[in-house]
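One structure below.
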Amino acid sequence: MTASVILLSNARMPFPSLALVCLTFAVAAAQEVSYFSQVLPAGQTLAERSFAGSFVREDIAHGYVFGGQGGDGNVLNDLWDFDMLSKSWKKVTPLLVSGQTPSARAEHAMVEWGTSSAVVFGGRTDTTLLNDFWSLTFPSTPSLPPTWRRQIPTGGLPSPRKGMQFCGVPNKQIFLMFGGVLQNGLVASNGFFITEAFNWSPLTLANQSSLPALAYGSLTLIENRYLVLFGGAGSNGLLNDHVYIASASDWLLAVSSGLQPPALHFKFAHASNAANAAPSARMHHIALPVEDSLVIFGADRTDSLMITCTLLLRPTGCLQSRQD
């Protein structure tokens, strides 16, 4: 398999960065090869930031970055568009419904929502945590601006939080999240999901007591078959190096059909490389699905050092690690 991804401003890493990196994977029958190539964007300059939200519209080859914490420490609420063909940034001024726009924030969730929208949930301002829910809808004409709309979901509203593990479902209006840091500083161990009906529902877990409370890890859907929970930090501040995998096919089928979904059963996976060494504990990493695999890049550790290796995880539990 061959696949390329673009890391947009290293949006979930905890330091300001203007670098764009293109990472290409060429996977042959017996080996994996990866290399990096730096992208030097044209056009307007994206201000440095960390803890931003980002998503990619593959249909038009554009990536978007919203908010984050600027280099001066203040949180932002600007929206930027990166054209992957021309390799250029452009600041976007969305239309507003009733004059409302999302407040400046960082450590929020942002995912693609269907085929021409995105949603934003929660995060933090300079002073407090959030649990509001916003949609960003793009018109059929690419030259026209998108529209922000505050959504008021029904159901059991998740408490304000930041740093949650989250993912969307490709081409569907389904958003899942797990954990995150709550207002009292504790880390949550529960999950929620929301669909196109804008109704929050608890994420029923068959073995919730065996899952750790986590924040700043990753939750990734692979091929609409597996949900993979990896890394993050617990309430005690210790980092996690465990991999949990749940079969998601039946759950997605039920939710897509408007039915009550079955409980998700996350199983601990002993993921190791050829030397039988588990991946090191980490948080703030970037996790991307690439065909049948999960690609994990970079991370932060409690000793303030950065991890720069690339990990390739297949849901069978086989993990291979390379230092690039």
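Once you list every other residue whose beta carbon is under 13 Å from the beta carbon of T93, what net charge do they have if Lys and Arg are +1 and Asp and Glu are -1?
Summing Lys/Arg as +1 and Asp/Glu as -1 gives 0.
Please list, in chain and number order, the residues 5+ apart from N207 or on another chain whose amide H is under 5 Å from its amide H, with Hs placed from the backbone.
F266
Kindly rank 219-231, 51-63 from highest to lowest mean number of other beta carbons found within 10 Å of each residue.
Ranking, from highest mean packing down: 219-231, 51-63.
Q151's amide H: which non-local residues (gap 5+, or another chain) put their own amide H closer than 5 Å, with H modeled 1.01 Å from N in plane and none for Pro or chain starts?
Result for Q151 returns F133, W134, S135.
Using packing as a proxy for protection, rank 254-261, 243-250 so that the peptide with the highest average count of other Cβ atoms within 10 Å comes first.
Listed from highest to lowest mean packing, they are 243-250, 254-261.
Can you give the extra length, in nm with one decimal, that the chain gains between A42 and K87 once fully stretched, where that is 0.36 nm per residue apart less the Cα-Cα distance?
Result: 15.6 nm gained on full extension.
Karplus couplings for the range 97-102 from phi (6.51 cos²θ - 1.76 cosθ + 1.60, θ = phi - 60°), rounded to Hz, Gly and Pro as x?
My calculation for the range 97-102 gives 9, 6, x, 8, 9, x Hz in order.
With θ set to phi - 60°, apply the Karplus curve 6.51 cos²θ - 1.76 cosθ + 1.60 along the range 192-205 and write out the HN-Hα couplings as whole Hz, x wherever there is a Gly or Pro.
9, 9, 9, 10, 4, 7, 6, 10, 6, 9, x, 8, 6, 10
Arrange the peptides 69-79, 113-123 so that the one whose residues have, on average, the most other Cβ atoms within 10 Å appears first.
So the order, starting with the most tightly packed, is 113-123, 69-79.
Amide H neighbours of D78 under 5 Å, counting only residues 5+ apart in sequence or on other chains, H built in-plane at 1.01 Å?
When sequence neighbours closer than 5 places are left aside, the close amide H contacts are G67.
For the range 121-144 and the range 68-120, write down the distance between their C-alpha centroids in whole Å.
Going from one Cα centre to the other spans 7 Å.
Extending each Cα 7 Å along its Cβ direction at T127 and T101, get the distance between those two points in nm, one decimal.
In this crude label model, T127 to T101 measures out at 2.0 nm.
Near D72, within a Cβ-to-Cβ distance under 15 Å, what is the net charge of the other residues, with Lys and Arg +1 and Asp and Glu -1?
Its environment carries a net charge of -2.
Kindly write out, for the range 39-45 in residue order, the coupling ³J(HN,Hα) from the Karplus curve 6.51 cos²θ - 1.76 cosθ + 1.60 (θ = phi - 60°), rounded to whole Hz, with x marking Gly and Pro.
For the range 39-45, the Karplus-derived couplings read 9, 9, x, 9, x, 5, 9 Hz, x marking Gly and Pro.
Any read-out appearing in this document is the output of simple, stated calculations on the displayed coordinates, not a laboratory observation. Since this is a predicted model, take the numbers as computed values, not measurements. Cβ atoms come from the backbone with ideal geometry, glycine included; neighbour counts cover every protein chain shown.
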